[in-house]
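Here the structure is laid out as structure tokens; the discussion comes afterwards.
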Amino acid sequence: MDKQQEKFRRVMQMSKIEMPFDDFEQRVMGSILALEKDKKKALLNKKYAITFFLLGTICGMMLNNYLMAKIQVADIAPDLKNYSTIGCQLSFALLICFFCLQLWQLIYMQQKKHFPL
């Protein structure tokens with residue numbers, strides 16, 4: 001009977017798991033807390049991104065309309081007026097498309113859980 005208990009004790013000692021580091025649990029919990037803080041910060045940044053996108057779009061439209069009015073009353077050649085009008089509108093449209101793409105990528109990353117929010 002003692003021999004079997006000794007075998008059992010040795011088998012149980014072999015199954016004993018040792019932690020790789022003394023502060024392993026603390027580091028894991030710290031990384032979980034850091035991830036939770038990052039999630040909250042990312043959600044706040046997403047709200048800021050949407051807010052400033054909308055504000056930038058509105059301010060850009062107002063600036064574009066102001067520039068169009070100034071170009072129309074300017075004393076320059078009609079061809080130059082047309083080219084400058086098209087150039088202003090095209091640059092504004094490209095900026096809006098670029099920022100929409102960035103915003104959509106942010107939303108896509110959230111939906112696909114690449115960066116969970």
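Contact map, the range 50-64: first residue polar (S, T, N, Q), second residue in a helix (DSSP H, G or I), Cβ cut-off under 7 Å, separation 6 or more or different chains; pairs are 57/96; 64/88; 64/89; 64/92.
When 108, 48, 83 are checked against the criterion of being open to solvent by 60 Å² or more (accessible area, probe 1.4 Å) and modelled with pLDDT under 85, a single residue qualifies: 108. In this entry, residue 48 passes the filter for residues that are closer than 26 Å to residue 94 by Cβ, assigned to a helix (DSSP H, G or I) and within 28 Å of the chain's Cα centre (by Cα). Checked against (1) part of a helix (DSSP H, G or I); (2) more than 33 Å from the chain's Cα centre (by Cα), residue 100 passes all but condition (2). Has the range 39-49 got any residue that is of a type outside the set (A, V, I, L, M) and touching a residue at least 12 places away in the same chain (Cβ under 8 Å)? Within the range 39-49 (the criterion being of a type outside the set (A, V, I, L, M) and touching a residue at least 12 places away in the same chain (Cβ under 8 Å)), the answer is yes, since at least one residue qualifies. Can you give me the number of residues within the range 14-44 that are in a helix (DSSP H, G or I) and modelled with pLDDT under 75? Looking only at that region, the number is 1. Scanning the range 73-94 turns up at least one residue that is of a type in the set (Val, Ile, Thr) and assigned to a loop (DSSP other than H, G, I, E, B).
The values are calculated or read from the model by the stated rules, or taken from the named source; none is laboratory data. Keep in mind it's a predicted model, so treat the numbers as computed, not measured. No Cβ is skipped: glycine too gets one built from the backbone with ideal geometry, and neighbour counts run over all protein chains shown. Just the protein is used for accessible areas: all its heavy atoms, side chains included, with ligands, DNA and RNA removed. Shrake-Rupley method; radii C 1.70, N 1.55, O 1.52, S 1.80 Å.
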